[in-house]
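Scroll down for the structure; my scribbles are underneath it.
The values are calculated or read from the model by the stated rules, or taken from the named source; none is laboratory data. Note that the structure is a prediction, hence the values are computed from the model and not measured. Backbone-built Cβ (ideal geometry, glycine too); neighbour counts: all protein chains shown.
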Amino acid sequence: MKVIGGYFGLEPYSRSIMPPWIDECIQVQSGRMALLLEITKRMPKIIWLPYYYCDAVSCLLKKSGYSVDYYTLREDFSIVMPHQFSSEDLLVFVDYFGISGDSVRRDINSLGLADNAVVDACMSLWFDIDRDVPIFYSPRKFIGVPDGGWLRNSKVSLNLAREKMPISQIREAHLHSRAGGNLEKGRDEFTTAEKSFNDDLSPNCMSATTKKMISSVDFDGVFNKRISNYTYLKSGLESVGLNCPEIPSGACPLCCPVKYSDAANLKMVLMTEQIYCPHYWPDIVVPSYDKKSLELLNKTLFLPIDHRYTSNDMDKIIQVIEGAIK
């Protein structure tokens, strides 16, 4: 039985086609380190994050000595501007799953926050904005690479240390295991690799291994296949009564988020059919008044739509879900 979802393996060799602005980005070992690098020279009074956000980032910022506070989301992913926000603060906007970029752009423009904003585009490929706003990305969310983060539109200039070779090797072990069909071993190695990022306290260079791998990835193919799978899955799920968000023009989604009241149980049903869906940040604490974040945390299923899969794989997902919700 074919496994759908889960961690990546090695990417097939091709010719990399990337946006030209990538060459101008600062390349570090992870998305969170790209954020840390950006704020190092800015020294904000408070860094504002959404409640529904990677807890590893907030832990890193607090550990690095920064003050962190939180804002809530509206149904359309626009932010509820905190009353306490000041001109000395920094606000992190998030393009959730590659589908909320339009809300990010509207908020930054309408609220006049270009000088106080950083955009987390780790869940999108490739978010862009017609403003001089720092953006950070995480290629390993979309392809099989050991590490990597891009920081765009930044004015920081720092000398970065090279990655430590043992860490680089630890972070790529799961790619080889999955490519070789050893999924259980690879899953343990992937968990170890992910935990290793929590030990990073300062930005280093993206590993030489990742740079080499990225140079041989067909990003156009990755981009187009994700959109094709998302569109196909969205149509099929709508036929069984489930709705998925529209993809903004020019956006590439990370996954297909589906609102469902018993998402946890449906996720387990899919798992029995070897269809694996992530549960983003299950340990975070969200206040009762942040309804959108609670919905994303507890009542949303995140279906895989990446470039490894075909319409037949999307059909399987639809069939399993249809059988489970009858």
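A few comments on the model shown:
- If you check 320, 285 for being loosely packed, with under 14 Cβ neighbours inside 10 Å and more than 25 Å from residue 101 (Cβ to Cβ), only one passes: 285.
- From 253, 257, 245, residue being in contact with a helix residue (DSSP H, G or I) (Cβ under 9 Å, 6 or more places away or on another chain), of a type outside the set (Lys, Arg), at pLDDT 95 or above and closer than 30 Å to residue 23 by Cβ: 253
- Residue within the range 288-304 that is of a type in the set (Gly, Ala, Ser) and in contact with a strand residue (DSSP E or B) (Cβ under 6 Å, 6 or more places away or on another chain) present: yes
- Where a residue in the range 171-191 is under 11 Å from residue 7 (Cα atoms) and its partner, wherever it lies, is surrounded by fewer than 17 Cβ atoms within 10 Å (Cβ to Cβ) and basic (Lys, Arg), with Cβ under 6 Å and at least six apart: 177/185
- For the range 202-241, the candidate set comprises residues that are under 20 Å from the mean Cα position of the chain (by Cα) and assigned to a loop (DSSP other than H, G, I, E, B); within that set, the residue that is surrounded by the most Cβ atoms within 10 Å (Cβ to Cβ) is 206.
- Number of the condition not met by residue 28 [criteria: (1) touching a Lys or Arg at 6+ places or on another chain (Cβ under 9 Å); (2) under 23 Å from residue 143 (Cβ atoms)]: (1)
- Of residues in the range 17-39 being within 19 Å of residue 69 (Cβ to Cβ) and of a type outside the set (A, V, I, L, M), the one surrounded by the most Cβ atoms within 10 Å (Cβ to Cβ): 32
- Selected residue (criterion: surrounded by the most Cβ atoms within 10 Å (Cβ to Cβ)) from residues of the range 242-267 that are among the small types (Gly, Ala, Ser) and more than 22 Å from residue 106 (Cβ to Cβ): 263
- Taking the numbered list (1) crowded, with 17+ Cβ neighbours inside 10 Å; (2) free of Cβ contacts under 8 Å to residues at least 12 places away in the same chain in turn, residue 78 passes all entries but (2).
- Only one entry in 278, 245 is in contact with a strand residue (DSSP E or B) (Cβ under 9 Å, 6 or more places away or on another chain) and within 27 Å of residue 151 (Cα to Cα), namely 278.
- The residues of the range 81-114 that are of a type in the set (A, V, I, L, M) and either buried (at least 17 other Cβ atoms within 10 Å of the Cβ) or under 16 Å from residue 51 (Cα atoms) (or both), listed by number, are 81, 90, 91, 92, 94, 99, 104, 108, 113.
- Among (1) of a type in the set (Val, Ile, Thr); (2) within 30 Å of residue 186 (Cβ to Cβ); (3) not in a loop (DSSP other than H, G, I, E, B), the one test that residue 145 misses: (3)
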